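Down below is the structure, laid out as structure tokens.
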Amino acid sequence: MTHQNLMDDSALALALRSLYLDEVDVARREPPVALGALQGSVQARTKTWSPLAAAVVVLAVAIAVVGSQLVREVPSLAGPESASPGGGTATGSLNPSAQAGASSVGPIVDGIPVTIGGERVIRGTDAIGQRIENSTDDTSFLVGGWFHKGGLNILCPAVLSYLSVHWWPCSTVQVYERAQGDEQHQGTGAAWIYPGDPLRIEWATATAAVRPVVLRIHTHDANCPAGLQGCSSLPVLVEVVWLGPAA
Amino acid sequence: MQAEMIGENVDDRPVSSRDAETPRLRDALASHEPALLATARFLVHEEADARDLVQQTYETALRHLDELRDQEKLLAWLTTIAVRAALRRRTALARLIPRFMSGGFEPRYAAPDDTAIALRAAVRGLPDRVRVAVVLHHMVGFTVRETAVAMGVTENTVKSELKTGLSQLREKLG
């Protein structure tokens, strides 16, 4: 097939259909994207258990137990880079409930879990932004992405310093769409997440290394200062739920 | 509202939410995922967005299963949900989340010949609405009417977008 062959409508339409079918074939060979959500919503209601299903569940539980141990080891496996220059470590940002949640990490696609504890992890700045915009109360949700080493150099005008460190835009941590150093995706967007009051993450944790992360965040934070206009719509960290190994 | 849009164009056999528990519907939902992901990859520019769109589509679908009247049209129903979500997403501004210059998404799986690669790039370069019409009609196989319903426009608009689309594709490939 050459470009010249596509100059009439029917040939072009045929080529388009063929292109689509090729893409379906590619997608068919990949791990499922939405199966986790589907299983959570549908398969959980299944009442009858075949012996094979029971065996699979036992195996899954065993894997989950081993997996949870591995997940808890991730920060230490990350090596010296996980230690922050300020003395804090990535481990320090993982509270006990976060570690418990990490025990049910779903399939990992492009380095980020698709679900954790059956809850979908939202990815991409547009999707995260839309979820934040749609948030009308302090119900939390999971967002996934990448911490970049060194973080983002933000110009912080002195005029902003009247804000407490918790609500200073310069104190936000950035969750990037892509891993740092991905040549194809230089300059991709990032979600800016406020660190919470009291601080729920050390800034150094988010800048010590390139690593995948899942955060639980919410809007309408109870500790928003009364005088800070628009604070209720700010995305605020609730907890670090999962930290992958440093790249 | 999503609930209203996905209830269009249906016949008289309601499917209850409990049907989702049946292996048949469950398998059908899962079996359409590759086609949906393939479509999503032509609807949005970023791989992460495509995957997110598929997840969002399934979540919406599961919440509105009661409105699915014809299981034979399950893929068309799912695709319509995805298209509407993609079009809405495009217009939504991500407040407080700066979006820096995007590097764009290059397909990870190159098609086997130069023409297919060029055609893929040409499709991705079409204006959004034109691209959606071309993807739905010429690639997924929707009729003009189904495409119009999915996009929320008239059939004449779809025909016009398709004409523009093929013309622009020829220009890009010429």
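Worth pointing out:
- Residue within the stretch B:36-44 that is among the polar types (S, T, N, Q) and under 9 Å from the mean Cα position of the chain (by Cα) present: yes
- Subset of the stretch A:224-247 [modelled with pLDDT of 80 or more and not in a strand (DSSP E or B)]: A:Cys224, A:Cys231, A:Ser232, A:Ser233, A:Leu234, A:Pro235, A:Gly244, A:Pro245, A:Ala246
- Which numbered condition A:Gly196 misses (of (1) buried (at least 23 other Cβ atoms within 10 Å of the Cβ); (2) out of contact with any helix residue (DSSP H, G or I) (no Cβ under 6 Å at 6 or more places or on another chain)): (1)
- Flag for A:Gln184 being at pLDDT 80 or above and either within 12 Å of another protein chain (Cβ to nearest Cβ) or not in a loop (DSSP other than H, G, I, E, B) (or both): no
- Which listed residue, of B:Gly152, B:Gly141, B:Gly165, is more than 10 Å from chain A (Cβ to nearest Cβ) and either touching a Leu at 6+ places or on another chain (Cβ under 9 Å) or farther than 16 Å from B:Arg88 by Cα (or both): B:Gly152
- Looking only at the stretch A:199-223, residues that are touching a helix residue (DSSP H, G or I) at 6+ places or on another chain (Cβ under 8 Å) and assigned to a loop (DSSP other than H, G, I, E, B) come to 10 in all.
- The stretch B:37-51, subset closer than 22 Å to B:His64 by Cα and more than 8 Å from chain A (Cβ to nearest Cβ), residue modelled with the lowest pLDDT: B:Ala50
The values are calculated or read from the model by the stated rules, or taken from the named source; none is laboratory data. Since the model is a prediction, treat every value here as computed from it, not as a measurement. FYI the Cβ positions are ideal-geometry reconstructions off the backbone, even for glycines, and counts take in every protein chain you see.
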